[in-house]
Each structure stands twice: as C-alpha cells, then as structure tokens.
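Here is the structure we will look at, set down as structure tokens.
The values are calculated or read from the model by the stated rules, or taken from the named source; none is laboratory data. For clarity, every value in this text was computed on a predicted model and none was experimentally measured. Methodologically, a virtual Cβ is constructed for each residue, glycine included, from the backbone with ideal geometry; neighbour enumeration extends over all protein chains shown.
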Amino acid sequence: MNKRTILSFILVTITINLFSCTTGNKKLNSAELSAYELAMQKSSHGELDSALLLLEKAFETDKRLNPMDIIQEKAFYPLVDSPGIRPKTRDLLKAFSKKEKANMVRAEEFGSRIFVIGRVINEYSQKPIENALVELNQAAQNGLYFEEQSLFNPRLFAFFKTTKNGEFSVETIQPGSYSGVASHIHFNISADGYRSYGSEFTFESDSIFRAMGNVDQVPVAYLDTADGQEIYRVTIPLQPEN
C-alpha cells in the first residue's frame, strides 16, 4: 500500500468517525430533552394534543414546575389561543395547580397592570383556609372573555392553591367593564370540609361600583400600598359543610 493510499484511508476513517460522533450527539441531545421542552416543540409546531400529553408528564415528574408559567411562555401561546384546545389546557392546569402565585396575562396583554392578594377564610371563625383551590376568570381590557362564538371559554384564567395563611396572589390587568357592570373577576373556590363558592369580586376604585354601590353583595377588593406598590386585597369567605 503506497503513501497516497494510506493517506486516503486515514482521511476516510477520520470522516466516518466525525460523522458518527456528530449524529450520535444529535441523538443524545434529543433524548435528553425533557417532557416540558418537547411539549414546547410540539406546541410551536401546532401539535397541541401531543403538547398537552407531554405537559401532563412533565407536571407529574417535575414537582418544581409551576403549571401556570406556561401562560408566559410564547411557545405555549397556541394552547390558550386555540378555542378548541383551551378548555383542555384549563383542565390540565387546574388538575396540577399547587402554587399560590401566578401571572394571569402575557407581557403583550393590553391593559393596566394590577396586583391582587386574595385571602380565603372560614366565614364563621374568620380563620384562614389552607390548600383551597382557587380558579379565576376575567374579561380582557375590551370587556370580552373570548372572541369566538362558543360557550363560556375565557382566555384569561388562573389556578392557585392557598397558603397556610389562606392567601393567593395574582398579577393581571384591570378587567374591562361591559353592560354597565362594574369591573370584576370571577372566582370558583373549593376546599375540603367547605361548600364550594362561585361568584365574583369587584374593585372599590371602579367608578360604576362607587356610583351604584355593592348591589350584588359580592366581595370587594380594596386598594392598599405595600413597599411603595399598589395592591388590591380581597377576602373571600367559605361556609363549612356542617
């Protein structure tokens, strides 16, 4: 075997080894993607049912994840923007709700940003209720809950579990008013040993509320200041089952 032949053989061998390493690394990197990252890919490509299945797996295996964080992740926008898949997205986030804080809106959402701290208590003893499941739904700045023609399918929503102090907190926008009704946020709250409570809370700063008063006798969020930041605080009572 002459020198030219030997040199060609060495170059081919090196090329094959480099190709094998490259393709091997690609497979390794793909395999190392978490269920959450794969869900992001699926959602970005419009494979929404697959994305939800992968998210379910991610939430089951990684307890550090806050399911509500997908609201802020652009790759997951289709899971909320698609009217057909949105109810399934809400059901998934509700099923794995475990945190007391959430951001209910995207960075691009139109409207005035507000912060709300809610407190769930026993109506009779006034003691806080820990681990209550809280669901919030609200209208956008334009007063619409959703754009499509369908049954109630709100685009702005959140789920929480209350702390030992009975608290949850949310960043959102001031809901738009409609039909002469004061600005408000709908809630559904359930807790072991208590009757479920579905209603809405309004804002004491709302001009319609100030003009008409608390006609429906709903909880009211009052404006407060903490560390130089304006915060609404609302207390919501639950009645014990017995």
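Would you point out which residue out of Tyr197, Tyr145, Tyr178, Tyr124 is at negative phi and without any contact (Cβ under 8 Å) to a residue 24 or more places away in the chain?
Values: Tyr197 fails: without any contact (Cβ under 8 Å) to a residue 24 or more places away in the chain; Tyr178 fails: without any contact (Cβ under 8 Å) to a residue 24 or more places away in the chain; Tyr124 fails: without any contact (Cβ under 8 Å) to a residue 24 or more places away in the chain.
Criteria check complete, one pass: Tyr145.
Considering only residues in region 67-90 that are of a type in the set (S, T, N, Q) and surrounded by fewer than 18 Cβ atoms within 10 Å (Cβ to Cβ), the one that is farthest from Gln149 (Cα to Cα) turns out to be Gln72.
Within region 156-173, take every residue that is part of a loop (DSSP other than H, G, I, E, B) and of a type outside the set (Ser, Thr, Tyr) and give me the one that is surrounded by the most Cβ atoms within 10 Å (Cβ to Cβ). Step by step, filter region 156-173, then rank; the result is Gly166. If the condition is being under 26 Å from Lys88 (Cβ atoms) and either among the aliphatic types (A, V, I, L, M) or not assigned by TED's automatic domain parsing to the domain that holds Val134 (or both), then region 154-185 contributes Leu156, Ala158, Val170, Ile173, Ile185.
Look at region 77-105: where a residue is closer than 12 Å to Asp49 by Cα and a partner is part of a helix (DSSP H, G or I) and among the charged types (D, E, K, R), sitting 6+ places away or on another chain with Cβ atoms under 7 Å, you get Leu92/Glu56.
Look at (1) more than 19 Å from Gly143 (Cα to Cα); (2) of a type outside the set (Ser, Thr, Tyr); (3) surrounded by 18 or more Cβ atoms within 10 Å (Cβ to Cβ) and you find that Phe187 fails only one, number (1). Of note, Gly176 satisfies the criterion of being under 21 Å from the mean Cα position of the chain (by Cα), closer than 22 Å to Phe146 by Cα and modelled with pLDDT under 95.
For region 79-102, residues that are over 14 Å from Gly46 (Cβ atoms) and polar (S, T, N, Q) total 2. Given the condition of a type outside the set (S, T, N, Q) and modelled with pLDDT of 95 or more, answer yes or no: does some residue in region 210-218 qualify? Checking region 210-218: at least one residue is of a type outside the set (S, T, N, Q) and modelled with pLDDT of 95 or more.
Out of all the residues in region 139-155, is one or more within 21 Å of Ile236 (Cα to Cα) and not aliphatic (A, V, I, L, M)? Please lay out each step first, then the result.
So the first thing to find is which residues in region 139-155 are within 21 Å of Ile236 (Cα to Cα), and the list is 139.
This time we only want the ones that are not aliphatic (A, V, I, L, M), so: none.
No, because not a single residue in region 139-155 is within 21 Å of Ile236 (Cα to Cα) and not aliphatic (A, V, I, L, M).
Going by the conditions given, is Tyr197 in contact with a strand residue (DSSP E or B) (Cβ under 7 Å, 6 or more places away or on another chain), crowded, with 16+ Cβ neighbours inside 10 Å, farther than 17 Å from Ser112 by Cα and not hydrophobic (A, V, I, L, M, F, W, C)? Full working, then the answer.
Numbers: in contact with a strand residue (DSSP E or B) (Cβ under 7 Å, 6 or more places away or on another chain): yes; crowded, with 16+ Cβ neighbours inside 10 Å: yes; farther than 17 Å from Ser112 by Cα: yes; not hydrophobic (A, V, I, L, M, F, W, C): yes.
The answer is yes for Tyr197.
When Leu54 is tested against (1) surrounded by fewer than 17 Cβ atoms within 10 Å (Cβ to Cβ); (2) of a type outside the set (Val, Ile, Thr); (3) assigned to a helix (DSSP H, G or I), only condition (1) is not met.
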